[in-house]
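Contents: one structure, followed by commentary.
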Ligand SMILES: Cc1cc2nc3c(=O)[nH]c(=O)nc-3n(C[C@H](O)[C@H](O)[C@H](O)COP(=O)(O)OP(=O)(O)OC[C@H]3O[C@@H](n4cnc5c(N)ncnc54)[C@H](O)[C@@H]3O)c2cc1C
């Protein structure tokens, strides 16, 4: 385990940003800790002097909001995957797509801890929740010393400051996930998520690049004990077709 020299639990976003901006120590945000704590334990997050625990920030609410004149569902960055599954509006979105995706993300104890912001920042290659957010057309609110910015998830690069919310369109008709995994409860090897928005359908893929991507983006599938690059590449067409057929039905 890395030896941390500092632990902070601020209660406001400006206070958290000020701590993260310090140059005398390298402090990193800690949300649910499901990824970061493991990385600190295995020393795969080198150079970290301490953490800024985001748990005291008022960023856990899930609520409807009007952004740029359009109604949307705002998921606070600290909402856990369980919060999302238990929220009536979020759980109903696209026929329960987020609930299905969250269940693929991990067991209930993981869902009780892992946060929406953590999913977005970690951008794990096999994250079905991330792929579902992409297919839903999510936009990410980041807050830094420069102010607040809203960026489509598909265009999100390195994060300046903190992710504070994820915005989803409220009117989404249907969604579907097609996946292959070693067991039904396991993380996917490859998955395709399709979402119907009016007359158009958006598909996102996971397990085929360094992070989940929208269909059409260049693929660079990993080659590991779960599946070779060639196998993952060949599964994309099958899963895309299954997800599209299900969402059309
Ligand atoms: C048993 C197990 C199974 C897992 N299965 C999956 C899986 O199937 N799919 C998957 O994608 N992941 C999986 N993970 C990894 C992990 O659960 C996810 O990446 C999770 O979403 C991270 O969320 P968190 O809130 O715990 O983030 P943390 O671990 O607290 O943080 C993750 C990273 O994001 C940064 N961060 C967190 N919140 C913010 C914020 N608001 N603003 C800026 N930076 C922030 C942190 O600094 C850190 O770098 C698994 C982990 C475990 C232990």
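A short reminder: the numbers here are calculations on the coordinates, not readings from a lab. Just so we're clear, the structure is a prediction, and the values are computed from it rather than from any experiment. Methodologically, a virtual Cβ is constructed for each residue, glycine included, from the backbone with ideal geometry; neighbour enumeration extends over all protein chains shown.
Our summary of shape: the Cα atoms of the range 6-52 have principal axis extents of 30, 23, 12 Å, ordered from largest down, in whole angstrom. Using equal-weight Cα scatterers in the Debye expression, the normalised intensity of the range 98-143 in log10 at q = 0.21, 0.31 Å⁻¹ is -0.69, -1.32. Between 200, 74, 127, the Gaussian network model of the chain with springs among Cα atoms under 10 angstrom shows the greatest mean-square fluctuation at 200. Maximal additional length on extending the residue 7-residue 28 stretch stands at 6.6 nm, based on 0.36 nm per residue less the C-alpha distance. Put a dot 7 Å past each Cα toward the Cβ at residue 241 and residue 144; how far apart are the dots in nm? The two pseudo-label positions are separated by 4.4 nm. One decimal place: the segment residue 185-residue 49 gains 45.4 nm when fully extended, by the rule 0.36 nm per residue minus the C-alpha distance. Annotation: the residues 206, 85, 72, sorted from fewest to most other C-beta atoms within 10 Å of their own C-beta, follow the order 85, 72, 206. If you run the Gaussian network model on the chain, springs between alpha carbon atoms under 10 Å, then out of 182, 211, 202 the most flexible one is 182.
Taking only the Cα atoms of the range 62-169, the ratio Rg/Rh comes out at 0.94, with Rh defined as the Kirkwood radius. Out of every Cα-Cα pair that the chain contains, those further apart than 34 angstrom amount to 16 percent. When the chain is treated as a Gaussian network with alpha carbon springs shorter than 10 Å, the biggest mean-square fluctuation among 157, 104, 227 belongs to 157.
As a calculated quantity, the FRET efficiency between residue 15 and residue 151 at R0 = 22 Å, using C-beta atoms, amounts to about 0.40. The relative contact order of the range 62-169 comes to 28 percent, based on Cα pairs under 8 Å that sit 6 or more residues apart. Computed from label points 7 Å out along Cα-Cβ, the spacing between residue 64 and residue 214 is 2.7 nm. Across the chain, the mean sequence separation of Cα contacts (distance under 8 Å, 6 or more residues apart), normalised by length, yields a relative contact order of 16 percent. Efficiency by 1/(1 + (r/R0)^6): what FRET value for residue 41 and residue 229, r their Cβ-Cβ distance, R0 = 30 Å, to the nearest 0.05? Here the calculated transfer efficiency is 0.55. Quick check on the range 1-85: take the gyration tensor over C-alpha atoms, sort the square-rooted eigenvalues as a ≥ b ≥ c, and tell me if it's rounded (a/c under 1.5), prolate or oblate. The shape class here is prolate. Under the criterion of Cα pairs below 8 Å and six or more residues apart, the relative contact order for the range 51-91 equals 34 percent.
Can you give the Kirkwood hydrodynamic radius for the range 174-248, in Å, rounded to one decimal and based on Cα pairs? Its Kirkwood hydrodynamic radius stands at 12.3 Å.
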